[in-house]
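These notes concern the structure reproduced below.
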Amino acid sequence: MAFHTEGLVAIVIFYVLILFVGIWAAWKNKRSGTGEVTDRSESIMVGGRDIGLFVGGFTMTATWVGGGYINGTAEYVYLPGYGLAWAQAPFGYALSLVLGGLFFAKPMRSRGYVTMLDPFQQLYGKRMGGLLFIPALMGEIFWSAAILSALGATLSVIVDINITMSVVISALIAVFYTLVGGLYSVAYTDVVQLFCIFLGLWMSVPFALSNPAVSDIGVSAREAVYQAAWLGQIGPDDAWLWVDNFCLLMLGGIPWQVYFQRVLSASSATYAQVLSFLAAFGCLLMAVPSVLIGAIGASTDWNQTSYGALSPKEKDESDMILPIVLQHLCPPYISFFGLGAVSAAVMSSADSSILSASSMFSRNIYQLAFRQSASDQEIVWVMRLTIFVFGALATAMALLTGTVYGLWYLSSDLVYVIIFPQLLSVLFVKGTNTYGSVAGYIFGLFLRIGGGEPYLKLPPFIYYPGWVTQEEIHHLSGDVEYFVQQRFPFKSVSMAASFLANVFFSYLTKYIFESGMLSHKWDILDTVVSKHSKEIMDKTTLVGNHDNIILSEMAPVKQALGSSLAGTFANAEVLSDDGITPESFHDEN
């Protein structure tokens, strides 16, 4: 493959543009100094809590429209035996944003939290918050590593440059503007990046469709032309597996810090809801060109192209179908625009995940668990250090780990199985306590790990009903690998078991201690005694063992609706957040 100078120039121009926008956003934020937040550390985490509809809509959409989203959607549409029927991400994540807006955005924003882990530490204590930080951190870091890895492979397909160099430079740029401007830089660069994704992919589609090697995608949607029809189908044996995966995307897409970082940065609880609904529409819209590119790949006679006689499926390169279509079915100057789109998608995800992981660590682990007296400037420096450390960790994993996608799949499952039921409990279940939280964590983790993980070659030790042994043939090497596929919806069952365990053990321990069956001195977590629990919630504190951490930002939030557009979406009663206070969500007794 020849070295493409034009492609390298296009990448350099794009990266300079992103860096310029990130630095400009940081400068703009420093000059304005407006918004609800006064602390510099909180400004980095949630901006000034004054993100408006335009920027907020773009950055909320970018929570899921990343490199994995557009590449993965095209891959599943292209894959024989899967097709559009199994490309669940656009619909699953769109519904997750709708559900997040309907049920989770308002209570989280109204109570003025700074990170997703705040309500857990408020009710369950700092140690349980630390346990819940682990799967949340794994999800963010592994997701960043996976998409950086995908970027390196994409650049190697379209522009023959060193993968290590491309990944390192991309990560450095994302880390740098995140260091400088925090959420403001991430939000404003998301606007540019999503615009580049939309423009770059839509410019590529007409050229790819008109290539002589591509047959009519309307015909290949239902009939096998060069491979199975790209609409795909769901077999009777796979119905429960499909439902399980869809629930994972729809419900497991909610409890992520990247989502709640946007929710908590909105200028009001009502705005947070509106932004969620706008982002749901944006997710569906941004998936359309990826679906078309996957369909084009499935409708192509690759023997007529510069790609060669074997198809991407036969070369085990199905995951790279989007850049392959750009490279071999479009003119060079168009493929470079598409390359900019893929790079934009990756960076819009990587910067958000790195900032989210850093926010949770510096606030919920460093400040609230270990250094409650830390100054604001100290927290800022901890954030800057962890942004760099987590960025370096994700980059190293992208370059050195062969199973990074497997790690991300597993961590995403853990977010769904462990954090989602905990979030349901802490926001909506009256009487939940730390004992129930620990029990739910253990039940969910045991049942999910017990099902195994083929991506990590992790064998199951729980064989759920309907399990089958499947073989995977690698066409290039001729190797055959066998793995157990669990067709039972065990991920959703694990999630439900985790939630029920939380509720059951919370009420059981509450009854045991309050009825006198067991002395209060055995309440080692100090969370069940009625008087103590009531005091915790009345003071609106984050509580560890005998530690009270006063949080002024937990007070009812003053709205910052400066735009008349707010009236389009809410009346005066709604804009007051319905009088929601921390006590209205949790009153132990």
Notebook entry, point to check: For region 108-190, what are the per-bin percents of Cα-Cα distances with bins 5 Å wide, up to the bin holding the maximum?
Noted result: 3, 12, 14, 15, 18, 14, 10, 6, 4, 2, 0
Note to self: Rg/Rh for region 221-272 to two decimals, with Rh computed the Kirkwood way over all alpha-carbon pairs.
What the structure shows: 1.29
Check: What order do you get for 293-304, 314-325 when each peptide is scored by the mean count of other beta carbon atoms within 10 Å, highest first?
Finding: 293-304, 314-325
Notebook entry, point to check: Sorted by average packing, counted as other Cβ atoms within 10 angstrom per residue and highest first, what order do 494-500, 513-519, 204-210 take?
Noted result: 494-500, 204-210, 513-519
Item checked: Derived scalar couplings ³J(HN,Hα) [region 255-267; Karplus, 6.51 cos²θ - 1.76 cosθ + 1.60; whole Hz; x for Gly, Pro] -> x, 10, 4, 4, 6, 6, 4, 6, 4, 6, 8, 5, 6
Check: Which pairs in the list 315/491; 126/430; 106/491; 457/491; 106/510; 126/491 are over 25 Å apart, alpha-carbon to alpha-carbon?
Finding: 315/491; 106/491; 106/510; 126/491
Notebook entry, point to check: Out of residues 5 or more away from residue 65 or on other chains, whose amide H comes under 5 Å of its own, with H placed 1.01 Å from N in the peptide plane?
Noted result: none
Margin query: Give me the extension gain from residue 446 to residue 234: residue separation times 0.36 nm, minus the current Cα-Cα distance, reported in nm with one decimal.
Written below: 73.4 nm
Next item on the list: Give the long-range amide H neighbours of residue 458: residues separated by 5 or more places, or on another chain, with amide H under 5 Å away, using H modelled in the peptide plane at 1.01 Å from N.
Entry: 453
Checklist line | Segments 178-191, 362-375 sorted - mean Cβ within 10 Å per residue, highest first | finding: 178-191, 362-375
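Taking N as the number of residues in region 194-331, what is its Cα Rg relative to 2.2 N^0.38 Å? Display every interim value, and only then the final one.
On the way: Rg = 18.6 Å, N = 138, 2.2 N^0.38 = 14.3 Å.
Taking the Cα Rg and dividing by 2.2 N^0.38 Å, one obtains 1.30.
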Notebook entry, point to check: Taking R0 as 35 Å, what's the FRET efficiency between residue 518 and residue 458 from their Cβ-Cβ distance, rounded to 0.05?
Noted result: 0.35
Check: Pulled fully out, how much extra length does the chain show between residue 222 and residue 13, if you take 0.36 nm times their separation in residues and subtract their Cα-Cα distance?
Finding: 71.1 nm
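Every read-out reported here was derived from the displayed coordinates using simple, explicitly stated rules and does not represent laboratory data. Remember, it's a predicted structure, so these values are computed and weren't measured experimentally. Cβ sites come from the backbone with ideal geometry, for glycine too, and all protein chains shown count toward neighbours.
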